[in-house]
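Colleague: Have a look at this one before I ask anything.
No lab work stands behind these numbers, since they all come straight from the coordinates. This one's a predicted model, so the numbers in the text were calculated from it and none came from an experiment. Don't worry about glycine lacking a Cβ; one is built from the backbone with ideal geometry, like all the others, and counts go over all protein chains shown.
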Amino acid sequence: MPAFSSTTVLDSLLFRDAFGTEAMRRVFSDKSLIARYAEVEVALAKAEARCGVIPIDAARAIAARTDVASFDLEALRHETDIVGYPILPLVHQMARQCGEAGRYVHWGATTQDIMDTAVVLQMRAGLAIIEGDIAALRDILADLAKRHRDTPMAGRTHLQQALPVTFGYKAAIWLSMFDRHAERLAQLKPRVLVGQFAGAAGTLASLGDKGFEVQQAFFEELGLGTPAATWHVARDGFAEAVNFLALVAGSLGKIALDIMIMASTEFAEVYEPFVKGRGASSTMPQKRNPISSELMLAASKAVRQHAGLMLDAMVQDFERATGPWHAEWIAIPESFVLTAGALHQAKFALGGLIVDEKKMAENLDISRGLIVAEAVMMGLAPQLGRQDAHDVVYDACRLANEKGISLAEALSADKRVAERIDRATIDRLTAPKNYLGLAPDMVDRVLAAAKR
């Protein structure tokens, strides 16, 4: 059995698959990051050779001889601890591997150029995973909205029954958030997926008149965009990426909260998919806790904190920050892993969500028609006038509550109503399923609004 060495849930033997996914952990693992550093250094050498800055043979040797698998990781860790950054220790090992060509490794670059560009490559891979998960979740939510377009249930405001809606309407609202997230993701990529290469103070001074040419060739090697200006201390791109993840996680947290409340014993309207033993209590055999929703909600809170940290890290001093940059090293990997984990839990919970339509109908009728008092008032207004209709329904609601009878019965007992409206009309007006408004039509609009 492997040793218990992790100190966070992200890498914990016990919790890592609850709060993350293997695919996203691979993207942001130490092994991947070191490989990205080397990839960036090799791409830089190739670009500089293309531009005549370093010998072509040197670039070929750097590309051929750099062997990440042969790096001395313990030496890399030790030297990084001394230097404070991993790039100089990495360059030392690459230079030794490349022999005579090693003198050209890291030519004209600064540590932050390599680190930032490597993180951009990680983000590109991470966002591709997030994009796929969002697409899958949108399909799941679209199916829920379509299937339950006309499934009536109680709409609730301030945790009180308000007016009837449909479960499909609720799912369509969830879906609309992720339609917008897909749009946001497409829009942010050109702003975020840009390389960093600008030298010591961001002016490319060490490359003379070759700076822009090398920069363009370098980013072409990596398939990244070229920024108009150095962004060593302009961190809005990275902050946008993490705040985007916080928006995604926040939407998942909202869905999770809805599911958890609806799954409570008193509501009993939906349940997460049944898996033997999942959500079991150590002391209460009857329990079936909404585990995926709980994890989604927890992740949303954690990513929100990192979003704030990234905004704080935008406040950087002069041309190279003294600390805020380091805060990103904490926030970015954790935000990606937590968001991927939350999306994974959402796909499981919503993909197999058990919807109890009968219980929804029972809960909708729990107020004995009072939930549609507005509908009754508007239905009576043509005969009684708007204000008189309000007063009649108000009195009927009080009587229904005092006597424990239905709103229809209370209205039928009022002569002001009985003399003008027959019982069949009263029953129709007080039937919650007849007062869904445009909820089903909104489902149709959301389903038609975006390609899936």
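Colleague: Say each of ASN401 and ASP236 gets a label point 7 Å from the Cα, pointing the same way as Cα to Cβ; how far apart are those two points in nm?
Modeller: In this crude spin-label approximation the distance works out to 5.2 nm.
Colleague: Could you please rank PHE19, PHE336, placing first whichever residue has the fewest other Cβ atoms within 10 Å of its Cβ?
Modeller: On the way: PHE19 23, PHE336 28.
Ordered by Cβ neighbours within 10 Å, fewest first: PHE19, PHE336.
Colleague: Moving on. Name all residues of the range 243-265 having a backbone nitrogen under 20 Å from the label point set 7 Å from the Cα of GLU357 along its Cα→Cβ direction, giving them as ranges.
Modeller: 262-263
Colleague: What ranking do SER264, SER293 get, fewest neighbouring Cβ atoms within 10 angstrom at the top? Walk me through the intermediate numbers first.
Modeller: On the way: SER264 11, SER293 27.
Placing the least packed residue first, the sequence is SER264, SER293.
Colleague: Kirkwood Rh over Cα pairs of the chain into Stokes-Einstein at 4 °C, 1.567 mPa s: D in µm²/s? Please report the intermediate quantities before stating the final value.
Modeller: Details: Rh = 25.9 Å.
For these conditions, the coefficient is 50 µm²/s.
Colleague: Cut-off is 10 Å between beta-carbons; in what order do PHE178, PHE348 appear when sorted fewest neighbours first?
Modeller: On the way: PHE178 24, PHE348 18.
Least to most surrounded, the residues fall as PHE348, PHE178.
Colleague: Using only the alpha carbon atoms of the range 370-430, find the Kirkwood hydrodynamic radius as the inverse mean reciprocal pair distance, in angstroms to one decimal. All intermediate terms of the calculation are to be shown ahead of the outcome.
Modeller: Working: mean 1/r = 0.0911 Å⁻¹.
It works out to 11.0 Å.
Colleague: Now, a different point. Would you calculate, for the chain, the mean residue ellipticity at 222 nm contributed by helices, counting each DSSP H stretch of 4 or more residues as -39,500 (n - 2.57) and dividing by all residues, to the nearest 500? Display every interim value, and only then the final one.
Modeller: Numbers: 19 runs with 283 residues, N = 452.
Result for the chain, helices only: -20500 deg cm²/dmol.
Colleague: Mind running the shape call on the range 148-263? Use the C-alpha gyration tensor, a ≥ b ≥ c as the square roots of the eigenvalues: rounded below 1.5 for a/c, prolate if a/b tops b/c, oblate otherwise.
Modeller: Numbers: a/c = 5.75, a/b = 3.59, b/c = 1.60.
Verdict is prolate for the range 148-263.
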